């Protein structure tokens, strides 16, 4: 499927780098990097579906990943019966009020002709609905947050296996994408960019501040795992004999074993998504998407409903990002809303897609690997670089201290430079899209 | 020798050639009109004269000087003015500001020229504080021509100035164009309304598929039965 | 009667005054975005970080002046440093244009490519700012703190609610008015300003008229840098300087520009005040306000707050969505649909 020795070579270098880190730093680190590389690759595949196939610029990747994270938490943790007793009814009634309000607003939007009257009515319905919602939900959430706030103070989840959260995370992200896309697609591409930037900030704000749902910045830790725990492994007979066979320390080996399990799961998901993306790209649907991307005017003239196609592709891409977001939270084993930073989640993924090769799925995967690898390794490299630069300076020089302290911020600058340089000198990326085949 | 001449022009927008050995000329103070069927390369010929596309054979001479290599902006400085067919005004700027922008390169007093333009198009004086985008189609064309005249050109090129305006407005515009020519400015014009245009033309060019088919005075072309039959609808 | 006056004073102190100041800061930011959009035709995602960069320069110069003992008496020293900040920021922005955007202009690239490039510039600018001044809060306000103190207002009027106006707030509004007046004078009365409007209106025709595109673009960047530095400095004086906050300002700034109609300077100002007033009015807790104007037993528990301040960004976002839904060209007609 990969054409050309160059591409095989690029992936081989990447594999060699991972092995190199394993040999010379540690296998634990190398596998941590690999796992996040796999997740990053899935995320950048999702973004590539939006950007590479259809030219949609999504600046809210963080928000869609966070929806996946939320799903991971809601599916996996056990419910808190006391909290449900305290405010569960209120929250559920609130949910129905919300649905009723939205339906009422949509009904008047559909049934009435476009007029100031309609706008006014919709706003009125929303405002009234909002007040009723608040009056029901506020006491309920207050009561929930009072239930043993140090350890719970939230409704908890469903207590199901966390693997289930991956598709659910995709659905969550897809639902948000549908609403945003419905409103902003069909307008200037900038508007989609700004709207996605906005929605992602809001999603993260909700995660941070709605304690009854997510415990907010108190975090939900100890999410159940889809793979065995190190402690249990170290106690089990078969594992000890296995580590003996490899002549390895059972403690180190157990953590490597767990990471390998994750890597296996992630690889399966990556391969499925990659296979589906490739299949879609080569299908008539994929050809049509690219035709629209390359010439909206003539595609429009051919009677293609561009807005509907764009909405489709935007939702699909967001679903993939949502799945990756859920996987990331699964790997972390905790939901920590404050870690959702746009630079890390949104813009880094963009660098991956652009560097990898927009429009090419293999490129997106490679970009995910390469950029994540350097993102992690840039820190020791940057520090080493600063050490070299400042080696001539006096030990107590304040400039030296400042430079070494600021080395971490070099990463941002480097990523920006990589993005700009790729865009300028190699705009088609490491593995360019194959052209002339559609 | 003609004041302006595009000689044996062959070229296009990068793909296949659109013009083939096409020659267009305009004399001082005279009106030259390019007519022909759709897709004959009329506008292309004019753009070639103005330097908006590459011609690989042939040359453009203005007042005896070879200007083939000059950019459109440089040609403006040489005294050529061009009025595009569409989006030929600054819609969110007032009529007066549109005229001022026409005279952007000039450092001398522009108000005399502005008065001349207002004299030519009195309606513009009335509406000089209004935004050009709010004017009617015919008035917008007047602003466009006025803007071009502000450069004090020696040659005025008009790409279908009467496209989309009513017959009455069209007649009025043609009258104004004759007036402009009387002041000594050469006019080169592409027109869809061949009959009316040839009526006021000193010289007419009938182009077909990027080649000169007939070239003669406007009157002679009007009287040529061949031309009448094929291009003027009998 | 005093009840109503008290309510009004309370409302002015917590809604009116802050919203006017915040709206002025947003207006200056949105003007920069809208100018770049009108001339260069792309949404500049680096604008928030340009603000941070300019403000950082102002802070550094301010510290230097403070160490020299220079000051403006009751006014913040930052005002003295502002011209230096503007000059430095303009140089930085022109450099980024030369190194990044110019190439795409030559190639007549798609607006979306500019947008991605601006994301790259944002990254780099952000990195530079954090590298030089660090990611933390910086305080650089000095001079007098208040024009009117709440306590003085109370003794003056005998009301139980006071209105306080900070120097930074007064300064913000005055500066905004001066800057906007100067900008509109420049755009409407000077040759260069008019040529910018012409270029924004109809690029091809502007070229035919002999307008020099390089000059128009350069002047636009300088204006954008000046507006960004002024907006950022005023915001920093009023609240505090933190690089990440400036990145987050991008959303309300874009919302202001779009609500007013992208590419329309007047719209940007109107949009900024719409956003600022909505944000503050919707996140203000009306409990005490209601206590003054409503009968005692009407006021129940709760803060009477429409939306928690944690969600202030949601306000600009929702207004943005409403405008895109019902009137995509903005309140005033912009160039972008």
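One residue alone among C:273, C:289 is out of contact with any strand residue (DSSP E or B) (no Cβ under 8 Å at 6 or more places or on another chain), at pLDDT below 85, more than 13 Å from chain A (Cβ to nearest Cβ) and crowded, with 18+ Cβ neighbours inside 10 Å, and that residue is C:289. Taking the numbered list (1) free of Cβ contacts under 8 Å to residues at least 24 places away in the same chain; (2) farther than 17 Å from residue C:46 by Cα; (3) within 11 Å of chain A (Cβ to nearest Cβ) in turn, residue C:149 passes all entries but (3).
Looking at B:143, B:165, B:169, just one residue is within 29 Å of residue B:98 (Cα to Cα), free of Cβ contacts under 8 Å to residues at least 60 places away in the same chain and within 14 Å of chain C (Cβ to nearest Cβ), and that residue is B:143.
One line per residue, one yes/no per condition, for (1) within 19 Å of residue C:220 (Cβ to Cβ); (2) in contact (Cβ under 8 Å) with a residue 40 or more places away in the chain:
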residue	(1), (2)
C:38	yes, yes
C:44	yes, yes
C:52	no, yes
C:55	no, yes
C:62	no, yes
C:66	no, yes
C:70	no, no
C:73	no, yes
C:78	no, yes
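With respect to the conditions (1) within 14 Å of another protein chain (Cβ to nearest Cβ); (2) modelled with pLDDT of 95 or more, residue C:221 falls short on a single one, namely (1).
A quick yes/no check of all residues on (1) under 22 Å from residue B:94 (Cβ atoms); (2) buried (at least 24 other Cβ atoms within 10 Å of the Cβ); (3) touching a residue at least 40 places away in the same chain (Cβ under 8 Å):
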{"residue": "C:209", "(1), (2), (3)": "yes, yes, no"}
{"residue": "C:219", "(1), (2), (3)": "yes, no, no"}
{"residue": "C:224", "(1), (2), (3)": "no, yes, yes"}
{"residue": "C:227", "(1), (2), (3)": "no, yes, yes"}
{"residue": "C:232", "(1), (2), (3)": "no, yes, yes"}
{"residue": "C:241", "(1), (2), (3)": "no, yes, yes"}
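Number of residues in region C:64-105 that are away from chain A (no Cβ under 14 Å) and on the phi < 0 side of the Ramachandran plot: the value is 28. Do we find that residue C:108 is more than 9 Å from chain A (Cβ to nearest Cβ) and not in a helix (DSSP H, G or I) in this structure? So residue C:108 passes the test. Looking only at region C:315-334, residues that are facing chain A (nearest Cβ under 7 Å) and part of a loop (DSSP other than H, G, I, E, B) come to 1 in all. Pick from region A:153-179 the residues that are touching a helix residue (DSSP H, G or I) at 6+ places or on another chain (Cβ under 6 Å) and at pLDDT below 90: which of them is surrounded by the fewest Cβ atoms within 10 Å (Cβ to Cβ)? Looking at residues that are touching a helix residue (DSSP H, G or I) at 6+ places or on another chain (Cβ under 6 Å) and at pLDDT below 90, I get A:153. The helices (runs of 4 or more DSSP H) found wholly in region B:84-155 and carrying at least 3 residues that are within 15 Å of the chain's Cα centre (by Cα) and over 17 Å from residue B:169 (Cβ atoms) occupy B:137-149. Every listed requirement among (1) over 25 Å from residue C:169 (Cα atoms); (2) surrounded by fewer than 20 Cβ atoms within 10 Å (Cβ to Cβ); (3) without any contact (Cβ under 8 Å) to a residue 60 or more places away in the chain is met by residue C:84 save one, (1). Could you identify the single residue in A:224, A:228 that is assigned by TED's automatic domain parsing to the domain that holds residue A:338, in a loop (DSSP other than H, G, I, E, B), in contact with a helix residue (DSSP H, G or I) (Cβ under 8 Å, 6 or more places away or on another chain) and surrounded by fewer than 16 Cβ atoms within 10 Å (Cβ to Cβ)? From the options A:224, A:228, the qualifying one is A:228. Can you pull out every residue in region B:55-82 that is more than 13 Å from chain C (Cβ to nearest Cβ), in a strand (DSSP E or B) and in contact (Cβ under 8 Å) with a residue 24 or more places away in the chain? The answer is B:55, B:56, B:57, B:58, B:59, B:60, B:61, B:62. Tell me whether region A:387-400 contains one or more residues that are touching a strand residue (DSSP E or B) at 6+ places or on another chain (Cβ under 9 Å), surrounded by fewer than 23 Cβ atoms within 10 Å (Cβ to Cβ) and not in a helix (DSSP H, G or I). Scanning region A:387-400, I find no residue that is touching a strand residue (DSSP E or B) at 6+ places or on another chain (Cβ under 9 Å), surrounded by fewer than 23 Cβ atoms within 10 Å (Cβ to Cβ) and not in a helix (DSSP H, G or I), so the answer is no.
So, of the residues in region B:83-95 that are farther than 17 Å from residue C:210 by Cα and more than 8 Å from chain C (Cβ to nearest Cβ), which turns out to be surrounded by the most Cβ atoms within 10 Å (Cβ to Cβ)? By that ranking, first place goes to B:95.
Looking across region C:111-145, the residues that are closer than 30 Å to residue C:204 by Cα and either surrounded by 22 or more Cβ atoms within 10 Å (Cβ to Cβ) or more than 10 Å from every other protein chain (Cβ to nearest Cβ) (or both) come down to C:114, C:116, C:117, C:118, C:119, C:120, C:121, C:122. When the residues of region A:376-405 are narrowed to those that are within 12 Å of chain C (Cβ to nearest Cβ) and in contact (Cβ under 8 Å) with a residue 12 or more places away in the chain, which ends up nearest to residue A:47 (Cα to Cα)? Across region A:376-405, the extreme among qualifying residues is A:378.
Scanning region C:157-183 for residues that are surrounded by 15 or more Cβ atoms within 10 Å (Cβ to Cβ) and either within 14 Å of chain B (Cβ to nearest Cβ) or more than 16 Å from residue C:76 (Cβ to Cβ) (or both) yields C:157, C:159, C:161, C:162, C:163, C:164, C:179, C:180, C:183. Looking at A:417, A:412, can you tell me which residue is modelled with pLDDT of 80 or more and crowded, with 24+ Cβ neighbours inside 10 Å? Just one listed residue meets the conditions, A:412.
Residues checked against (1) more than 30 Å from residue A:142 (Cα to Cα); (2) modelled with pLDDT of 90 or more:
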{"site": "A:217", "(1), (2)": "no, no"}
{"site": "A:236", "(1), (2)": "yes, no"}
{"site": "A:241", "(1), (2)": "yes, no"}
{"site": "A:247", "(1), (2)": "yes, no"}
{"site": "A:252", "(1), (2)": "yes, no"}
{"site": "A:261", "(1), (2)": "yes, yes"}
{"site": "A:268", "(1), (2)": "yes, yes"}
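Within region A:104-122, the set of residues being closer than 14 Å to residue C:327 by Cβ and touching a helix residue (DSSP H, G or I) at 6+ places or on another chain (Cβ under 8 Å) comprises A:118, A:119, A:122.
Residues in region B:157-180 that are out of contact with any strand residue (DSSP E or B) (no Cβ under 9 Å at 6 or more places or on another chain) and not in a helix (DSSP H, G or I): B:162, B:163, B:164, B:165, B:166. When region B:136-156 is filtered for residues that are in contact with a strand residue (DSSP E or B) (Cβ under 6 Å, 6 or more places away or on another chain) and over 12 Å from residue B:180 (Cα atoms), the ones remaining, listed by number, are B:144, B:151.
Listed here are the helices (runs of 4 or more DSSP H) enclosed by region A:242-332 that have at least 1 residues being in the same structural domain as residue A:49 (by TED's automatic domain parsing) and either in contact (Cβ under 8 Å) with a residue 12 or more places away in the chain or in contact with a strand residue (DSSP E or B) (Cβ under 8 Å, 6 or more places away or on another chain) (or both): A:250-282, A:284-294, A:306-332.
The values are calculated or read from the model by the stated rules, or taken from the named source; none is laboratory data. Quick caveat, the model's predicted, so the values are computed rather than measured. Ideal geometry is used to build each Cβ from the backbone, glycine not excepted, and the neighbour counts take in all protein chains shown.
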